[in-house]
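Contents: one structure, followed by commentary.
The values are calculated or read from the model by the stated rules, or taken from the named source; none is laboratory data. These numbers come from a predicted model, not from an experiment. Reconstructed Cβ throughout: ideal geometry from the backbone, glycine too, with neighbour counts over all protein chains shown. The accessibility values were calculated without ligands, DNA or RNA, using every heavy atom of the protein model including side chains. Shrake-Rupley method; radii C 1.70, N 1.55, O 1.52, S 1.80 Å.
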Amino acid sequence: MPAKHKADPEVKKVVLAYSGGLDTSVIVPWLKNNYGCQVICVTANLGQEEELEGLEEKALISGASKVYIEDLREEFITDYIYPTLMAGAIYERKYLLGTSFARPLIARRQVEIAEIEGADAVAHGCTGKGNDQVRFELTYQALNPRLKVIAPWREWDIRSREDALDYAVEHNVPVSATEKSIYSRDRNIWHLSHEGGILEDPWQEPEEAMYQITTSPENAPDTPDYVTIDFQQGVPKRINGVAMGPISLLETLNELGGRHGIGRVDIVENRLVGMKSHGVY
Amino acid sequence: MRVTQQNMTGQVRLKLYKGNAILVGRRSPFSLYREDFATFGEDDVYNQADAEGFIKLFGLPLKVRAMLDLEGARRGLHEEPDYSKFKRD
């Protein structure tokens, strides 16, 4: 895969935000081949409910020299989600910022690890078309502008999933046999986003099978549930009188709300980079 | 952010039904809502006579502008557009 950039000989060690998906797995050998550097993978558990077992092994087989798997759920909730709730911040009256505030947290941890490891660069697997690249990179700039930033999607020739799969096979990256989802999803404890697939036609109602956390309102119970939430200085502390830590609290509410079909939002929204996109949450 | 949340202590009751989270009750030891003040009876905290003066002062800018219009001070300042040029259904 010919690279379009000038490989920077100064880059000896890169910290990559690694999700274990096809793209970030391919990025590991790509970075080594195009920059001749060591790759350190950082994976954040933000409540995406994905198997983290085997991720470390996969990253190492793909060529990483070290892997960090970080449980950032509690910090995500108390330092990012709750203050956003307190501010009542909602984008374009509808988008509840689920991916927006997750990326800076991952990026922050990357920068911390880069400093601990003496790395000279950070990298992410975001495309050049979306908001995520901005979220990661603004955080890198704010916390350590001396770190170089590598965004393979903006440099390489990989244009399709087939290209990525070919590259993976060529470079011994383990590829799982799971079916490609037609949707592009991002999930954490705060939300599950969907883009792509039939959603690319904004006149199409999303199909019921796409949703993974909520039941449809039509299929929700005919009897309502009541829930009492206790707040202390803006922080939710109890559900129906039972004290809970932030992770259990959100998991409980997700289950309760999901069962009653609460929380679906369908938006045609404006990306910072200029394009509109159709997202369903 | 923390300062704005100092009084955000209390309980919220929600009814969850068919895609709706409906607020059905709220209470807080810091609430500024007092049932005894809000009723139409009590005059200790809220004296209805005060409303007249309040409305006069609150409306003063509107009133001054209206008086100027009456005196013709603002004549010629703003020309009405000729809406006859626009098609009507």
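Scan region A:225-240 for residues that are open to solvent by 40 Å² or more (accessible area, probe 1.4 Å) and of a type outside the set (A, V, I, L, M, F, W, C) and the total you get is 7.
Restricting the first member to region A:1-22 and to residues that are in the same structural domain as A:L60 (by TED's automatic domain parsing), and the second to residues that are modelled with pLDDT under 90 and charged (D, E, K, R), the beta-carbon pairs closer than 9 Å and six or more apart or on different chains are A:S19/A:E50; A:G20/A:E50; A:G20/A:E51; A:L22/A:R161; A:L22/A:K180.
Screening region A:230-260 for residues that are part of a helix (DSSP H, G or I) and within 13 Å of another protein chain (Cβ to nearest Cβ) and picking the one that is farthest from A:L46 (Cα to Cα) gives A:R259. If I filter region A:197-211 for residues that are open to solvent by less than 60 Å² (accessible area, probe 1.4 Å), among the aromatic types (F, W, Y) and either on the phi < 0 side of the Ramachandran plot or within 14 Å of chain B (Cβ to nearest Cβ) (or both), do I get at least one hit? Yes: one or more hits.
Each residue in region A:249-270 was checked for being in contact with a helix residue (DSSP H, G or I) (Cβ under 9 Å, 6 or more places away or on another chain) and either without any contact (Cβ under 8 Å) to a residue 12 or more places away in the chain or among the basic types (K, R) (or both), and 1 pass.
Residues that are in contact (Cβ under 8 Å) with a residue 12 or more places away in the chain, out of contact with any Pro (no Cβ under 9 Å at 6 or more places or on another chain), farther than 19 Å from A:L16 by Cα and in a helix (DSSP H, G or I) within region A:80-125 comprise A:T84, A:M86, listed in sequence order. Taking every residue in region A:47-60 that is touching a residue at least 24 places away in the same chain (Cβ under 8 Å) and pairing it with any residue that is open to solvent by 50 Å² or more (accessible area, probe 1.4 Å) and of a type in the set (S, T, Y), at least 6 positions away or on another chain, the pairs with Cβ-Cβ distances below 9 Å are A:Q48/A:S19; A:E50/A:S19; A:L55/A:S19; A:K58/A:S176. Any residue at all in region A:44-57 that's surrounded by 20 or more Cβ atoms within 10 Å (Cβ to Cβ) and assigned to a helix (DSSP H, G or I)? No, every residue in region A:44-57 fails to be surrounded by 20 or more Cβ atoms within 10 Å (Cβ to Cβ) and assigned to a helix (DSSP H, G or I). Condition check: within 14 Å of chain B (Cβ to nearest Cβ) and modelled with pLDDT of 95 or more. Does A:G263 satisfy that? Against the criterion (within 14 Å of chain B (Cβ to nearest Cβ) and modelled with pLDDT of 95 or more), A:G263 qualifies. Only one of the numbered conditions (1) open to solvent by 10 Å² or more (accessible area, probe 1.4 Å); (2) outside any loop (DSSP other than H, G, I, E, B); (3) closer than 17 Å to A:A114 by Cα is not met by A:E10, and that is (2).
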